[in-house]
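Below is one structure; the comments refer to it alone.
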Amino acid sequence: MAAAGVRAWFGDSLAVKGISLDLHEREVTAIIGPSGCGKSTFVRCLNRMHEVIPGARVDGEVTLDGKDVYAPGVNPVMLRRRVGMVFQKPNPFPTMSIRDNVLAGLRLVGQRPDRPAELVETCLRQAALWDEVKDTLDRSGVSLSGGQQQRLCVARCLALAPDVILMDEPCSALDPIATAKIEELIHELSERYTIAIVTHNMQQAARVSDTTAFLYQGELVEHDLTDRLFTKPRHQRTEDYISGRFG
């Protein structure tokens, strides 16, 4: 997946200022920067979620497998099946069981799997949750702990068989033990999926990502291999941010 010259507005306010960034297959890209720098807005442009906000608009180009996702005729709902998202706050559907939460995305796009029980088990196993919930699949999704709810949301995303998974600060509401489980899960998923993770935690970015992009005031300042960006940044603003001088 690739973005080229992406700009995004909230009304008259320009929040993302011409960002170009490639997400490489089966790699984790961390997106870091101070609050309000456009991280989440940029990621939401990748699967056309930004446009659902009243007064919001996007220009530039976003491609998936070389095809413009903003081209006429592209169905945003079907795009979001291929480019899934896990949000900052776990959001299982409160009236649904654990089992039905996993299948909810497919049902929203009008699809019913041939073997739903197998799919539920597969996705929960991929989300490292199966062993914890296999005997309680009829319980409400919101009966789980925060970390379990977040992994349930990952399983719901995986059920759609996405090509790309976007994660918008997926650990910010979790305790350190749950955070460690999500980070381990990201490592495992990166063997099969392309992942972009927005994070305010630079230590987390260093732990989970292959490459890191630093955004500041809506602009991409630097994108490089994670080890290199954190040890030998090319730009002074990057060094100032990762050393804690601002942000």
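Please treat every number below as a calculation from the coordinates, not as lab data. Because the structure is predicted, anything quoted here is derived from the model rather than measured. We place every Cβ from the backbone using ideal geometry, glycine too, and count neighbours over all the protein chains shown.
Exposure proxy ranking for Phe42, Phe246, based on other Cβ atoms within 10 angstrom of each Cβ and starting from the fewest, stands as Phe246, Phe42. Rounded to the nearest 10 degrees, the angle from helix 98-108 to the longest Cα principal axis of the chain is 70 degrees. Over every Cα atom in segment 86-191, the radius of gyration and the widest Cα-Cα span, Dmax, amount to 12.6, 38 Å.
Counting lysine pairs in the chain whose alpha carbons fall under 20 angstrom apart, excluding pairs fewer than 8 residues apart on the same chain, gives 4. For segment 215-231 and segment 143-174, what is the centre-to-centre distance using only Cα atoms, to the nearest Å? Distance between centres, Cα-based: 25 Å. Helix 176-189 axis versus longest C-alpha principal axis of the chain: approximately 90°, rounded to the nearest ten. Ordered from longest to shortest, the equivalent ellipsoid semi-axes for segment 20-157 are 29, 18, 15 Å, each the square root of 5 times a Cα gyration tensor eigenvalue. The long axis of helix 146-158 is offset from the longest Cα principal axis of the chain by roughly 90 degrees.
Computed over every Cα-Cα pair of the chain and binned at 5 Å starting from 0, the pair-distance distribution P(r) comes out as 1, 6, 14, 18, 19, 17, 13, 8, 4, 1, 0 percent. If you plug the beta carbon distance of Ile53 and Asp163 into 1/(1 + (r/R0)^6) with R0 = 22 Å, you get a FRET efficiency near 0.35.
Multiplying the residue separation of Thr95 and Asp210 by 0.36 nm and subtracting their alpha-carbon distance yields 37.6 nm. Expressed to the nearest 5 percent, the antiparallel share of DSSP beta bridges inside segment 2-242 is 60 percent. Computed over the Cα atoms of segment 159-247, the ratio of the radius of gyration to the Kirkwood radius (Rg/Rh) comes to 0.98.
Once the chain from Leu14 to Ala104 is taken as fully extended at 0.36 nm per residue, the excess over their C-alpha distance is 29.0 nm. Secondary-structure-derived ellipticity at 222 nm for the chain, considering helices only, amounts to -10000 deg cm²/dmol, per-run term -39500 (n - 2.57) for DSSP H runs with n ≥ 4.
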